[in-house]
1. On the given criteria, is Y158 of a type in the set (F, W, Y) and crowded, with 21+ Cβ neighbours inside 10 Å?
2. Tell me, please, whether a residue that is assigned to a strand (DSSP E or B), closer than 29 Å to L537 by Cα and without any contact (Cβ under 8 Å) to a residue 24 or more places away in the chain can be found in the stretch 484-492.
3. Going by what's in this entry, would T92 be described as closer than 30 Å to V353 by Cβ, β-branched (V, I, T) and either over 32 Å from the mean Cα position of the chain (by Cα) or assigned to a loop (DSSP other than H, G, I, E, B) (or both)?
4. When you go through A417, A398 one by one, which is the residue that is among the small types (G, A, S), without any contact (Cβ under 8 Å) to a residue 24 or more places away in the chain, out of contact with any Asp or Glu (no Cβ under 8 Å at 6 or more places or on another chain) and assigned by TED's automatic domain parsing to the domain that holds N310?
5. Going through the stretch 80-110 one residue at a time, which ones are buried (at least 18 other Cβ atoms within 10 Å of the Cβ) and on the phi > 0 side of the Ramachandran plot?
6. When you go through V549, V579 one by one, which is the residue that is surrounded by 15 or more Cβ atoms within 10 Å (Cβ to Cβ), more than 30 Å from Y307 (Cα to Cα) and modelled with pLDDT under 95?
7. Taking the stretch 320-352 only, how many residues are outside any helix (DSSP H, G or I) and under 17 Å from K555 (Cα atoms)?
Amino acid sequence: MPRTLALILLAVLAPAIRAEISYRVTPQPETKSLQVQVTVPSQGPRVQVQVPNWAPGAYALANYRDQVKEMIATGPDGAVLSVERTDPNTWTVNAAPSQVIFTYSVPFQFNLDVGHYAGPGVYVYVVGRIPEACRLTLNLPETWRSACGLDETGANTYAAPNYDVLADNPVTVGKFESDSYKALGVPHTIVYYAGDPGSLDREAVVKTCQFISESQGSFFGGLPFSKYVWHFNVMEALDGGWGLEHLSSTTIGLAAGLGPGTVSVCSHEYFHAWNVKRIRSRVLGPFDYQVLPKTGALWWLEGVTDYYANVFLHRYGWYGTDIFHQALLSNLDRTRANQRRFEVSPYEASFRVGEANNGRGNSSGFGVSYYNTGWLVGLCLDIELRAATGGKRSLDDAVLRLWEMCKDDQPGFEEGAIREILVELGGVQLGEKYDQWVMKPGELPVEDQLAKVGLKIETIDVSFMDIGVAPQMAPKDGGVRVRQALRMARNVLQPRDVITAVDGAALDTSSFGKLAADWGEKLAALRPSSDVELTILRGDETLKVKIQVGQGQRKAKRIVPNGDTAKDELRNQWYFAGVKARQSQGGAGKE
């Protein structure tokens, strides 16, 4: 081709190549909806848009198409264009002008002038043009603000290099409360979009998030984004939570008690910024939003993520070995409570997840959970590598090898890459273990692996002080609400009584977590057969009642050294991996 003609063609094509698909989102609280306007520069006679059929990270079909209402299309002159719904997920404009503007609405919930949404259920994409750059403009009232993990180009305006990145960054808008910190030089924003932030110890939340950011960033040698947003839905609970990972943000249901399980959820979702969002199977991006992906590596992407979420909290000193062991035992109990582990392998639980729930898929696995099972596989492989190499290699090396393969927007790994890396690090026997533990169903040899680091599992009797109260933390009510009165308290307390003091000592109601900790400490200080005086609020009345303290017992498992002191060094390598052991920073336990 003559050089002059090539230059002319490049000049003609340049506007199309640089074309940007624009999204304008307007919250409409009065109708509990979002109005979405998508401006598409045409590149042919037909423009098609589709709504995703599922959301990355949640491996289940969703009914987003049912949420899209009143789809219309107009040209650059405002003329209404004919829109054909060619299938339930697709809208088509034929004989398209130079620009097509699609306008539609989706339902949206507001809570006290605050709202939050995820991209796949809100943004349609242009068929065949997912790789093109996108711009998001949030049309907000003057007193509102926004938070999003995308690069900000102006007030409430964000840029994304393609639709995948646009859709993978949730948005919080309105009059929300927030906190911020920097980790390794990168700004992080903590946004509270639902629930009551007043029930939280927000200083503790910041401390928790910053610890997670700095410890994980130090492991990988830096952070893979220029900003990060934590979107929190505050829940009135002592512990636990839920979450969904994104490229430079996460959405989390945060238990106000900020217990170890809650911190683990935060650690899990943050680790996903590497493992899943960047260290990923090749099929997990670019995405086909109409068909659930098939990968046999979800045991690694989710289960091993959860393993490392707990490993790092322990290794870097957030909590003590007792809580790390409890996380291990919890995953072991949940795995062994499911008899289908003898029928379904971790690989199959991952690969066949789309067959679960009558073919609609789910986020936990086919037959067995790839979270719990993957946690234990990660444990077994980690200890096996350490034992096989005399502590010279570990699963850390496999994670970092995968990171080198996938970072900087490289394609994801092939399904067999994990096995190949394990064999390279630990020899042929690691391949054999992979085949047995990942590819085949059956019992995972957790006890045998723990023995290789000098540990064993034993069952003991645990005593606890019992005053017959099923409690519910209620700091705004002034103390601990009685959910149910049992045994010795049945004739003394009533449901909805609020306990404000124990033996004259007022409970700390400054936050949900501090109330829970104070309540636990006060109960632990009681002695069996003694009387405890409780100050309670019953309606408008303040009463003092006495209950005799009982002592309950339950069976519990624990992990302890097995007496093989020759394994102490390998165990310490597994626990701390060269990171100096510290007193726990989270106050959850000590070494």
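1. On the way: of a type in the set (F, W, Y): yes; crowded, with 21+ Cβ neighbours inside 10 Å: yes.
Against the criterion (of a type in the set (F, W, Y) and crowded, with 21+ Cβ neighbours inside 10 Å), Y158 qualifies.
2. The answer is yes; a qualifying residue exists.
3. Details: closer than 30 Å to V353 by Cβ: no; β-branched (V, I, T): yes; either over 32 Å from the mean Cα position of the chain (by Cα) or assigned to a loop (DSSP other than H, G, I, E, B) (or both): yes.
No: the conditions fail for T92.
4. Values: A398 fails: without any contact (Cβ under 8 Å) to a residue 24 or more places away in the chain.
Of A417, A398, the one residue that is among the small types (G, A, S), without any contact (Cβ under 8 Å) to a residue 24 or more places away in the chain, out of contact with any Asp or Glu (no Cβ under 8 Å at 6 or more places or on another chain) and assigned by TED's automatic domain parsing to the domain that holds N310 is A417.
5. If the condition is that a residue be buried (at least 18 other Cβ atoms within 10 Å of the Cβ) and on the phi > 0 side of the Ramachandran plot, then no residue fits.
6. Values: V579 fails: more than 30 Å from Y307 (Cα to Cα).
Result of the check over V549, V579: V549.
7. Pass one, the stretch 320-352, residues outside any helix (DSSP H, G or I): 320, 337-338, 343-345, 352.
Next, from what is left, pick out any that are under 17 Å from K555 (Cα atoms): 337.
Number of matching residues: 1.
Per-residue answers, yes or no, for (1) outside any loop (DSSP other than H, G, I, E, B); (2) under 20 Å from Y307 (Cβ atoms):
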| position | (1), (2) |
| --- | --- |
| W403 | yes, yes |
| E415 | no, yes |
| I418 | yes, yes |
| L425 | yes, yes |
| E458 | yes, no |
| Q472 | yes, no |
| R481 | yes, no |
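The values are calculated or read from the model by the stated rules, or taken from the named source; none is laboratory data. Keep in mind it's a predicted model, so treat the numbers as computed, not measured. Every residue, glycine as well, gets a Cβ built from its backbone with ideal geometry; the counts of neighbours run over all protein chains shown.
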